[in-house]
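J.: Mind having a look at this structure? Questions to follow.
The values are calculated or read from the model by the stated rules, or taken from the named source; none is laboratory data. Given the structure is predicted, the values throughout are model-derived calculations rather than measurements. Glycine gets a Cβ as well: all are built from the backbone with ideal geometry, and neighbour counts include every protein chain shown. To get the accessible areas, we keep the full protein, side chains included, count just its heavy atoms, and leave off ligands, DNA and RNA. Shrake-Rupley method; radii C 1.70, N 1.55, O 1.52, S 1.80 Å.
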Amino acid sequence: MGRKKSLKLAEVDYLPNVFSHRFGKIEERMLEYLPPAEQFVLELGCGRGDYSIALAEKYPYKNFVGFDIRGARIWSGSKKTEELGLKNVAFVIARAEFLPEIFTKIKFDEIWIPFPDPFPRKRSTNRRLVAPGFLERYRQIIKPGALIHLKTDDDGLYNYALETLSENNAEIIENSPNLYENEDLDFEKTIKTKYEEEHLKNGKIIKLITFKLE
Ligand SMILES: C[S@@+](CC[C@H](N)C(=O)[O-])C[C@H]1O[C@@H](n2cnc3c(N)ncnc32)[C@H](O)[C@@H]1O
């Protein structure tokens with residue numbers, strides 16, 4: 001591991017807006033940190049938290065939670081949030097497998113899953129963030145009617161998501177196989193994460209699926 005990464009990992013657990021699952025129950029402390037709000041938005045596999053940060057600037061009355069297992073990426077998001085003076089963003093370092101254990105009080109209005117790892121091998125199917133096991137966990141932490149958005153460049157993951165959602169009684173609200181074909185997009189759909197910038201540079205086609213779970 002490089003020196004910069006080890007320094008980030010040594011510091012990240014002590015940043016005021018970062019809550020690490022390995023230190024036990026974190027939801028209560030996170031709620032004390034965040035301002036009172038009616039609406040909560042979760043960004044899963046957030047990396048540097050690009051979605052949470054862009055949305056938090058636009059919607060100061062909502063709270064945003066960036067969630068990832070990689071502390072060094074969360075460190076970057078936390079520092080940027082601090083520079084911008086955003087108080088309505090918190091970050092959680094944990095595996096998405098623990099979502100229902102972590103969030104027992106907060107019910108999310110919306111979930112963004114920008115560019116999750118495609119895990120192309122058959123034996124890793126269950127690790128895809130739209131696998132049935134994850135959909136079941138999302139059901140436990142959302143408000144009825146919550147919107148869940150998946151953005152990906154990966155054809156395999158996109159097709160897998162459509163198939164899995166249909167088999168698991170999800171309601172597809174939007175299916176855009178080529179998102180930027182449409183020139184009249186809402187701001188939310190056009191936020192570019194670090195990975196999205198890379199994919200666009202490489203000429204990849206970006207896809208978006210928005211769905212609801214019963
Ligand atoms: C391809 S990166 C995309 C990062 C960011 N969303 C972006 O678009 O720039 C996928 C992210 O998902 C995270 N991730 C993968 N599986 C996860 C899991 N089970 N729980 C939490 N985070 C996970 C990885 O650590 C990684 O940061």
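J.: Run the helix sum for the chain: -39,500 (n - 2.57) per DSSP H stretch of 4+ residues, divided by residue count, reported at 222 nm to the nearest 500 deg cm²/dmol.
T.: -10500 deg cm²/dmol, from helical runs alone.
J.: Go through Lys25/Lys58; Lys62/Lys212; Lys58/Lys151 and tell me which ones have a Cα-Cα distance over 23 Å in this structure.
T.: Violating the 23 Å limit, Cα to Cα: Lys25/Lys58.
J.: So if each residue of separation counts as 0.36 nm, and I subtract the Cα-Cα distance between Glu32 and Ser166, what length gain in nm does that give?
T.: Length difference between fully extended and current span is 44.4 nm.
J.: If you place +1 on the Cβ of every Lys and Arg and -1 on the Cβ of every Asp and Glu, how big does the dipole about the Cα centre of the range 3-213 come out, in debye to the nearest 20? Intermediate results must be reported in sequence, preceding the final value.
T.: Details: 34 positive and 33 negative charges, 204 e Å.
Roughly 980 debye, rounded to the nearest 20.
J.: Just to verify a number: what accessible area does Glu101 come out at with the full protein assembly present, 1.4 Å probe, Å² rounded to tens?
T.: For Glu101, solvent-accessible area is about 120 Å².
J.: Classify the chain as rounded, prolate or oblate, taking a ≥ b ≥ c as the square roots of the eigenvalues of its Cα gyration tensor: rounded when a/c is under 1.5, otherwise prolate if a/b is larger than b/c and oblate if not.
T.: Rounded is the answer for the chain, as its axis ratio a/c remains below 1.5.
J.: First measure r as the distance between the Cβ atoms of Lys212 and Leu7, then evaluate 1/(1 + (r/R0)^6) with R0 = 45 Å and state the FRET efficiency to the nearest 0.05.
T.: So the FRET efficiency works out to roughly 0.60.
J.: Percent of accessible area on the chain owned by carbon and sulfur, 1.4 Å probe?
T.: Percent of accessible area from carbon and sulfur atoms in the chain: 49.
J.: Residues of the chain: accessible area per residue at 1.4 Å, in Å²?
T.: 52 Å²
J.: If you don't mind, there's one more thing I want to ask. Please work out the C-alpha center-to-center distance from the range 165-186 to the range 104-127 and express it in whole Å.
T.: Cα centroid to Cα centroid, the span is 16 Å.
J.: Also: Given R₀ = 30 Å, FRET efficiency for Thr125-Thr190 by Cβ-Cβ distance, to 0.05?
T.: 0.50
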